[in-house]
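Peer 1: The structure follows.
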Amino acid sequence: MLKVIVFDFDGTLTQNRKGSNCWQEVWKSIDELSYDDFLYQKYARHEIDIKQWFDLVIERFKEKNVELKNLHNIAKTIKLLPGVYQTFKHLHDGGVKIFVLSGGIRQIIDKVFKRAKVDKFITSIQTYDLIFDSHGKLTGYTHPNHDLENKNQYIEQLKQKYNLKSSEILFVGNGANDEAVCLSGVDTLCINPDGTDFSNKSIWHNAIENCENLTQIIKYCDKNG
């Protein structure tokens, strides 16, 4: 029986987000996509670790005067996939706990969910949290207690916290950074794939190549019951 469902955010719950995410939208807003790529390449070459990467990101955002209002403006441009409200309500009413696991930015994600009135259905959101002062000026960030690039670690924490079997959890994602979830042994569903081989059954147990409405996933949730 399905007890927990974990969703990725960018490209999974959102519309038309191929090749983009919360961070890239911020970089785009300050015309710094080239610097974003520069930092990523340094990380990919193992010249900096994840903490050093984020330290440099925050430093650059401060230099470019990124403020809380900038993130709220970006949130206004992000639309959820049709059917998110109906799907979340269906799951919540059926006793399934909903979690969101994203490498995005809390201040953006929270605003998007609140505007869609689906925040009331969500048990927890695990993501990166930027810190702003009382004037909306960026001062730093809070790093989660695990690397969000290794999402299987979070799944393992959920299993321990709620005493869950792998068969009682479904993960829904869309990209290469979601692939590690398969290491946790839970069921995985790929929707609107972006940069991942959705036909690889060792990574994705099921897939919806073109998911136009999130209600399309309900049959994969209910069949676990």
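The values are calculated or read from the model by the stated rules, or taken from the named source; none is laboratory data. Being a predicted model, the structure only gives us computed values, none of them experimental. Cβ sites come from the backbone with ideal geometry, for glycine too, and all protein chains shown count toward neighbours.
Peer 1: With the requirement that a residue be surrounded by fewer than 17 Cβ atoms within 10 Å (Cβ to Cβ), among the charged types (D, E, K, R) and part of a loop (DSSP other than H, G, I, E, B), what does the range 18-63 give you?
Peer 2: The answer is K18, D31, R45, E47, D49.
Peer 1: So, of the residues in the range 118-133 that are of a type in the set (A, V, I, L, M) and in a strand (DSSP E or B), which turns out to be surrounded by the fewest Cβ atoms within 10 Å (Cβ to Cβ)?
Peer 2: Top of the filtered list is I131.
Peer 1: What pairs come up if the first residue lies in the range 102-115 and is touching a residue at least 24 places away in the same chain (Cβ under 8 Å), the second is β-branched (V, I, T) and part of a helix (DSSP H, G or I), and their beta carbons are under 6 Å apart, counting only those six or more places apart or on different chains?
Peer 2: I108/I74
Peer 1: Of I105, I30, I50, I74, which residue is in contact with a strand residue (DSSP E or B) (Cβ under 7 Å, 6 or more places away or on another chain) and among the β-branched types (V, I, T)?
Peer 2: Going through I105, I30, I50, I74 in turn, just one is in contact with a strand residue (DSSP E or B) (Cβ under 7 Å, 6 or more places away or on another chain) and among the β-branched types (V, I, T): I105.
Peer 1: Which numbered condition trips up L81, out of (1) at pLDDT below 95; (2) closer than 30 Å to D31 by Cα?
Peer 2: (1)
Peer 1: Any idea which of (1) crowded, with 19+ Cβ neighbours inside 10 Å; (2) in contact (Cβ under 8 Å) with a residue 24 or more places away in the chain is the one E67 doesn't satisfy?
Peer 2: Unmet condition: (1).
Peer 1: To continue, here is another question. Tally the residues that are at pLDDT below 95 and not in a helix (DSSP H, G or I), restricting the search to the range 213-225.
Peer 2: Number of matching residues: 3.
Peer 1: Does F88 fit the bill of being outside any strand (DSSP E or B), touching a Phe, Trp or Tyr at 6+ places or on another chain (Cβ under 7 Å) and modelled with pLDDT of 95 or more?
Peer 2: When the stated conditions are applied, F88 passes them.
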